[in-house]
Amino acid sequence: MLMKLFNWAFDKEKERKLSVLKKVRLFSGLQRKLLMKLLVDLVEKEYQPGELIFSEGDTGKALYIILCGSVAISKNCNGTGEVLSELSSGSYFGELALIDQLPRFASASALEKTNVLIMYKSYFDDLIRVNTAISSRVLLNLVESLTAYVRQNLDNSPDE
């Protein structure tokens with residue numbers, strides 16, 4: 001554990017990662033100290049262009065935050081993958097997995113070499129029990145984000 005903290009203190013990428021986390025809407029309102037605490041236990045992973053991050057129908061197990069690169073979110077419509085959105089650095093996806101472990105609504109794949117930070121549901125569940133300062137802010141931001149999404153889709157729905 002001491003070695004992990006020592007390495008963390010001298011991680012040259014730490015500031016870059018923190019600057020990305022500061023821009024993530026899900027973490028808005030968290031002080032730098034709390035973002036650093038959060039960052040220590042997030043897992044970083046690299047994906048190559050075209051590599052699948054998760055498939056539609058997979059059980060949701062994690063939230064993903066794009067450090068660099070871009071990701072396509074696509075849904076299978078009549079046997080073809082329809083791109084719903086393209087996300088870039090500072091964007092996040094898979095956030096519903098923090099709430100439940102239902103099947104994924106869509107697939108995610110890297111459009112280019114992409115690095116992400118991963119927050120597993122098990123880690124978030126531990127945060128809820130142990131660190132209410134982080135978890136309450138993230139939950140509030142998540143609710144606000146989902147509310148905005150629902151309202152946007154209600155506004156865009158066809159008239160009956």
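Only one of these conditions is not met by Leu39: (1) of a type outside the set (Asp, Glu); (2) under 12 Å from the mean Cα position of the chain (by Cα); (3) buried (at least 18 other Cβ atoms within 10 Å of the Cβ); (4) modelled with pLDDT under 95. Which number is it?
(2)
Is it the case, given these coordinates, that Ser55 is of a type in the set (S, T, N, Q) and in contact with a Gly (Cβ under 6 Å, 6 or more places away or on another chain)?
no
Can you tell me which residue in the stretch 106-135 is nearest to the chain's Cα centre (by Cα), limited to those that are at pLDDT 90 or above and small (Gly, Ala, Ser)?
The qualifying residue nearest to the chain's Cα centre (by Cα) is Ala108.
Among (1) part of a loop (DSSP other than H, G, I, E, B); (2) under 14 Å from the mean Cα position of the chain (by Cα), where does Gly57 come up short?
(2)
Quick check on the stretch 86-105: of everything there that is over 11 Å from the mean Cα position of the chain (by Cα) and over 20 Å from Glu46 (Cα atoms), which residue is surrounded by the most Cβ atoms within 10 Å (Cβ to Cβ)?
The selected residue is Arg104.
Kindly check whether there is at least one residue in the stretch 26-44 that is part of a strand (DSSP E or B) and either closer than 27 Å to Ala133 by Cβ or not acidic (Asp, Glu) (or both).
Looking through the stretch 26-44, at least one residue is part of a strand (DSSP E or B) and either closer than 27 Å to Ala133 by Cβ or not acidic (Asp, Glu) (or both).
Residues Glu112, Glu82: which one is more than 21 Å from Glu144 (Cβ to Cβ) and in a loop (DSSP other than H, G, I, E, B)?
Of Glu112, Glu82, the one residue that is more than 21 Å from Glu144 (Cβ to Cβ) and in a loop (DSSP other than H, G, I, E, B) is Glu112.
Looking at the stretch 109-124, is at least one residue more than 20 Å from Glu86 (Cα to Cα), surrounded by fewer than 13 Cβ atoms within 10 Å (Cβ to Cβ) and not basic (Lys, Arg)?
Yes; the residues of the stretch 109-124 include at least one that is more than 20 Å from Glu86 (Cα to Cα), surrounded by fewer than 13 Cβ atoms within 10 Å (Cβ to Cβ) and not basic (Lys, Arg).
Within the set of pairs 6+ apart or on separate chains, which have a first residue in the stretch 122-146 that is touching a residue at least 24 places away in the same chain (Cβ under 8 Å) and over 15 Å from Leu39 (Cα atoms), a second that is in a helix (DSSP H, G or I) and charged (D, E, K, R), and C-beta atoms under 7 Å apart?
Qualifying pairs under 7 Å: Asn141/Arg25; Leu142/Glu95; Ser145/Arg25.
Looking at Gly90, Gly81, Gly60, Gly50, which is the one that is farther than 21 Å from Leu142 by Cβ and modelled with pLDDT under 95?
None of the others qualify; the one that does is Gly81.
Here is a list of conditions, (1) more than 23 Å from Glu44 (Cβ to Cβ); (2) among the acidic types (Asp, Glu); (3) under 14 Å from the mean Cα position of the chain (by Cα), and Asp155 meets all of them except one; can you say which number that is?
Tallying (1) more than 23 Å from Glu44 (Cβ to Cβ); (2) among the acidic types (Asp, Glu); (3) under 14 Å from the mean Cα position of the chain (by Cα), Asp155 fails exactly one: (3).
Can you tell me which residue among Gly60, Gly69 is of a type outside the set (S, T, N, Q) and touching a Pro at 6+ places or on another chain (Cβ under 8 Å)?
Just one listed residue meets the conditions, Gly60.
Tally time: how many residues in the stretch 93-109 are assigned to a strand (DSSP E or B) and closer than 26 Å to Val143 by Cβ?
Residues flagged as assigned to a strand (DSSP E or B) and closer than 26 Å to Val143 by Cβ within the stretch 93-109 amount to 4.
The values are calculated or read from the model by the stated rules, or taken from the named source; none is laboratory data. All of these numbers come straight from a predicted model, not from anything done at the bench. Cβ coordinates were reconstructed from backbone atoms using ideal geometry, including for glycine residues, and neighbour counts include every protein chain displayed.
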